[in-house]
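Below is one structure, written out as structure tokens; comments come after it.
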Amino acid sequence: MKTLHLYKDKELHGSYKQEKLNLLLTFQVNCPGCFLYALPIFNQLYKKYNSNVGFIALSTAFENFDLNTTNNTSELIKNGTLVGHTKHALAEHGFDSFPITPLFPIAMDKIMTEKEKPELVTQICLLNPNFLTWNTNDRELLASRVIAYLNAQEKVSMTFTVNQFKGTPTIVLFNDKNEILQSWFGHTAKSEIEEEIEKFL
């Protein structure tokens, strides 16, 4: 069973408390699909399950680092302020601000520093279940490739990168041991997520 590696930076709204069952949403403020589908669904799921499930939404970035920022996430929470492609997409639906008040805790994904790079390299290498059985040369070769990849990035959002998420929105159901029970990428029906939650309650 895969392990979720959750790296939080600043908590911007509410406070996340890990429970026996937990739901993570990773989103970008410059991600129309996150706002048209994922965030509203996450709000509905929070209303229904927050007494039994821990909820955390993580504002992340793997592109458009000028828009997917802590400041823009804070403005979203405080004033419903929209930016970039999200602003244009919601305007087409008649909204000049985000019409939903987030009820769930929201934090920023942690941006990697040089100090944290060795930990990230190790965690990414360990995504290969046989990594520790490889000979030294092969382990060092993979580690050097991971380092080169990280060095080539403008910035590295730790949760998004270490877990190798495909994009946003990504929703992850996990337990109190951080074991991933199920995950979804892209637009997912609320009923599908509810069905999985009910299995583990």
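Observations
- Put simply, of Glu195, Glu154 the only residue that is free of Cβ contacts under 8 Å to residues at least 60 places away in the same chain, of a type in the set (D, E, K, R) and exposed (fewer than 12 other Cβ atoms within 10 Å of the Cβ) is Glu195.
- Selected residue [outside any loop (DSSP other than H, G, I, E, B) and polar (S, T, N, Q)] from Asn64, Asn52, Asn30, Asn71: Asn71
- Residue match in region 8-21 (condition: open to solvent by less than 50 Å² (accessible area, probe 1.4 Å) and either in a helix (DSSP H, G or I) or farther than 18 Å from Met108 by Cβ (or both)): yes
- Beta carbons closer than 8 Å, at least 6 apart along the sequence or on distinct chains, pair a first residue in region 97-124 that is farther than 18 Å from Thr70 by Cβ with a second that is open to solvent by 40 Å² or more (accessible area, probe 1.4 Å) and outside any loop (DSSP other than H, G, I, E, B) for Ser97/Asn79; Leu103/Tyr46; Leu103/Lys47; Lys117/Ile147; Val121/Ile147.
- Matching residues, region 28-87, being aliphatic (A, V, I, L, M), open to solvent by less than 30 Å² (accessible area, probe 1.4 Å), out of contact with any Pro (no Cβ under 8 Å at 6 or more places or on another chain) and under 18 Å from Gly186 (Cβ atoms): Val29, Ile41, Leu45, Leu58, Ala61
The values are calculated or read from the model by the stated rules, or taken from the named source; none is laboratory data. Fair warning: this is a prediction, and the values are worked out from it, not measured in the lab. No Cβ is skipped: glycine too gets one built from the backbone with ideal geometry, and neighbour counts run over all protein chains shown. For the accessible areas, the whole protein counts, side chains as well, though only heavy atoms, and no ligand, DNA or RNA atoms are used. Shrake-Rupley method; radii C 1.70, N 1.55, O 1.52, S 1.80 Å.
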